[in-house]
1. At each listed q (0.17, 0.28 Å⁻¹), what is the log10 of I(q)/I(0) that the Debye formula gives for the range 8-73 modelled as equal alpha-carbon point scatterers?
2. Just to confirm a number: summing +1 for Lys and Arg and -1 for Asp and Glu over residues other than M74 whose beta-carbon lies under 13 angstrom from that of M74, what do you get?
3. Quick one: divide the alpha-carbon radius of gyration of the range 38-98 by 2.2 N^0.38 Å and tell me what you get.
4. Describe numerically, in nm with one decimal, the distance between label points set 7 Å from Cα along Cα→Cβ at K94 and at R24.
5. Mark the label point 7 Å from the Cα of L12 along Cα→Cβ and return the residues of the range 43-69 whose backbone N is within less than 12 Å of it.
Amino acid sequence: MPWITPTETDLLARLSGPELAAYRSAALKAGQADPVGAILSGVVAEVRGYVAGHKANALGPAGTIPDTLLDAAMALAVARLPARLPVTLSEARKEAKRDALTLLGRVSSGSFFVAAPEDGEASAEQPASQVELASGDGPYPESSQLSGLF
């Protein structure tokens, strides 16, 4: 399965050109950067975080996501673009965002399969361990020390 870098072209498949241009230029202060690149980068990082959330998943190259999660990523990006403006998301876009977050939660729990990157594409980043093993070499506590616990 290929891992891809989401682009503005992917976003334009979900928004009209004039709509994207309006989000891009509205509410910008002098010297403020175009928000599209930052939003896409943030969404990519979030999707990668969900993928890394399950220990069986391997991450692809930095800045990429599984192609099967592109629609979810774009739903999140579309929902974030108007955040700086006094507009309300349509019900369809709110539902798409909820569906995307549900799917990403399934990825993180392992109930939605994400194929590993192709050979040689794996990232040096490794998913963080979700379980920390603890052990102790000391003696077990006496029952008198456990009063109130049982």
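Just so it is clear, none of the values below were taken in a lab; they were calculated from the coordinates. Just so we're clear, the structure is a prediction, and the values are computed from it rather than from any experiment. Cβ coordinates were reconstructed from backbone atoms using ideal geometry, including for glycine residues, and neighbour counts include every protein chain displayed.
1. The calculated log intensity ratios at q = 0.17, 0.28 Å⁻¹ are -0.70, -1.25.
2. On the way: positive: R14, R80, R93, K97; negative: E8, D10, E46, D67, D71, D99.
Net charge around M74: -2.
3. Numbers: Rg = 12.8 Å, N = 61, 2.2 N^0.38 = 10.5 Å.
Taking the Cα Rg and dividing by 2.2 N^0.38 Å, one obtains 1.22.
4. Result: 2.9 nm between the two label points.
5. Zone members listed by number: none at all.
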